[in-house]
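For reference, the structure is listed below as structure tokens.
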Amino acid sequence: MTSPARVQVVIVNYKTGRLAVDCLRSLVDEVAAVPGTVVTVVDNRSGDDSTEVIAKAIAAEGWSSWAQLLPAPVNGGFSYGNNFAVRRTLNDTNGPAYYWLLNPDTRIKPGALRALVDFLDAHPKAGIAGSRFLLESGEAWPYAFHFPSIWSELAGGLRLSLVARLMKNRAGLRLMGDQPAEADWLPGASLLVRREVFQTIGLMDEGYFLYFEETDFCLAARRAGWQTWHVPQSVVLHLVGQSTQVSGHHAAKNRRPAYWFESRRRYWVKNHGWFYAAATDLLWVLAFLTYRLRSVVQRKSGEYPPHFLGDFLRHSALFHRGLPFNAAVSPSPDHGHPDRSPQR
């Protein structure tokens, strides 16, 4: 397959082969609508029948002119899987102008890719553009995010509506309108990234296995002068939490995996330093204990996953000064994480 001249779509798969095929099927019209678009499905060493399922579908459906399967040697996580495809064409003279990072548990609505491409074409200072999401129920999820801060951790720990209202401009979710608007960071399930962004700040940080990597990437882009925009004219159905069971309605039911806490600590220590990270963790713990006491007094059930406080402390910067690393891409003999999925 020759290097794409316009858009390279990158889908990172781990044990979700049939979801990836459905995603490819939803891309057929998008590929035709934006000439020069090709799709690379990176399989992060799934170890199941994913590669067979995806390869057979590409051949049977006649997608081989624009889609390819690229097996990775390890399950290195979300950043690793995307980088595995991007670095192959990033420095090609005929390489793509844009890379569309897309989850396999997405279904593309008509015109979604064209809306993102047209927006970045028209706004040279915009380096990253993301879609508006629909949930599986069909309900719109029109949000972006503020960058995490000590204030967002305070609000998240306390879970008080008054505090949330006071900090609405600096913490957590940001409700987006029907017109494109600049945001701090957007979910990695659908991000169109300008080639020059990668060339300016480098590839995504493979020190993250999963979660916080797109936050880190958007922050690095912001610091380098690039803007991140939410483009609601691009609509993508996202089957949230199908892979990890961390997001969506699973969030408060299942124990949060260790890599979530490790990624969180990496983000804070890397971008703000150990002292700020430790102070933030301490404030969150105090806020969380206040929330739990209030819940007991008010006889309300908790909203956090099981063992959350203990797991938080176990991985906290309060007890670890070093920067966490991703064992899957380290020189360790145990390269794979068969129980971890590099999608949201």
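The values are calculated or read from the model by the stated rules, or taken from the named source; none is laboratory data. Because the structure is a prediction, the values reported are computed rather than measured. For neighbour counting, all protein chains shown are included, and Cβ atoms are generated from backbone atoms with ideal geometry for every residue, glycine included. Calculation scope for accessible area: heavy atoms of the full protein, side chains included, ligands and nucleic acids excluded. Shrake-Rupley method; radii C 1.70, N 1.55, O 1.52, S 1.80 Å.
The residue list W284, W260 contains one member that is open to solvent by less than 50 Å² (accessible area, probe 1.4 Å) and under 21 Å from A164 (Cα atoms), which is W284.
Have a look at K56, K15 and point out the one that is in a helix (DSSP H, G or I) and charged (D, E, K, R).
Working: K15 fails: in a helix (DSSP H, G or I).
Being in a helix (DSSP H, G or I) and charged (D, E, K, R) holds for just one of K56, K15, which is K56.
Residue count for segment 4-29 satisfying the condition of being at pLDDT 95 or above, in contact with a strand residue (DSSP E or B) (Cβ under 7 Å, 6 or more places away or on another chain) and open to solvent by 10 Å² or more (accessible area, probe 1.4 Å): 2. Answer yes or no as to whether R159 is basic (K, R), over 25 Å from E303 (Cβ atoms) and either in contact (Cβ under 8 Å) with a residue 40 or more places away in the chain or out of contact with any Asp or Glu (no Cβ under 7 Å at 6 or more places or on another chain) (or both). Criteria not met by R159. Mind listing whichever residues of segment 73-95 are buried (at least 23 other Cβ atoms within 10 Å of the Cβ) and assigned to a loop (DSSP other than H, G, I, E, B)? The answer is N75, G76, G77. Only residues that are open to solvent by less than 20 Å² (accessible area, probe 1.4 Å) and hydroxyl-bearing (S, T, Y) were counted in segment 268-281, giving 1. When every residue of segment 49-62 is checked against the conditions, at least one turns out to be hydrophobic (A, V, I, L, M, F, W, C) and open to solvent by 50 Å² or more (accessible area, probe 1.4 Å).
Residue check: Y211 meets all listed conditions (1) out of contact with any Ser or Thr (no Cβ under 9 Å at 6 or more places or on another chain); (2) within 29 Å of A20 (Cβ to Cβ); (3) of a type outside the set (D, E, K, R) but one, namely (1). If you filter segment 48-65 down to residues that are among the small types (G, A, S) and out of contact with any Gly (no Cβ under 6 Å at 6 or more places or on another chain), you find that the one that is nearest to R18 (Cα to Cα) is A57.
A single entry from G156, G138, G177 fulfils the requirement of being small (G, A, S), surrounded by fewer than 20 Cβ atoms within 10 Å (Cβ to Cβ) and on the phi > 0 side of the Ramachandran plot: G138. Taking segment 279-318 as the range and being of a type in the set (K, R) and either assigned to a loop (DSSP other than H, G, I, E, B) or touching a His at 6+ places or on another chain (Cβ under 6 Å) (or both) as the test, the residues that pass are R299, K300.
Can you say whether D311 is at pLDDT 85 or above and of a type outside the set (A, V, I, L, M, F, W, C), as far as the supplied structure shows?
Yes: the conditions hold for D311.
Candidates D118, D105: the one that is open to solvent by 40 Å² or more (accessible area, probe 1.4 Å) and of a type in the set (D, E, K, R) is D118. Of everything listed in (1) outside any helix (DSSP H, G or I); (2) open to solvent by less than 10 Å² (accessible area, probe 1.4 Å), the single unmet condition for D205 is (2).
Scanning for something more than 16 Å from the chain's Cα centre (by Cα), of a type in the set (D, E, K, R) and in a strand (DSSP E or B), does segment 218-227 turn up at least one residue? The answer is no; no qualifying residue exists. Scanning segment 319-344 for residues that are part of a loop (DSSP other than H, G, I, E, B), crowded, with 18+ Cβ neighbours inside 10 Å and modelled with pLDDT of 75 or more gives P324, N326.
Residue count for segment 213-255 under the criterion of being modelled with pLDDT under 95 and either charged (D, E, K, R) or on the phi > 0 side of the Ramachandran plot (or both): the result is 5.
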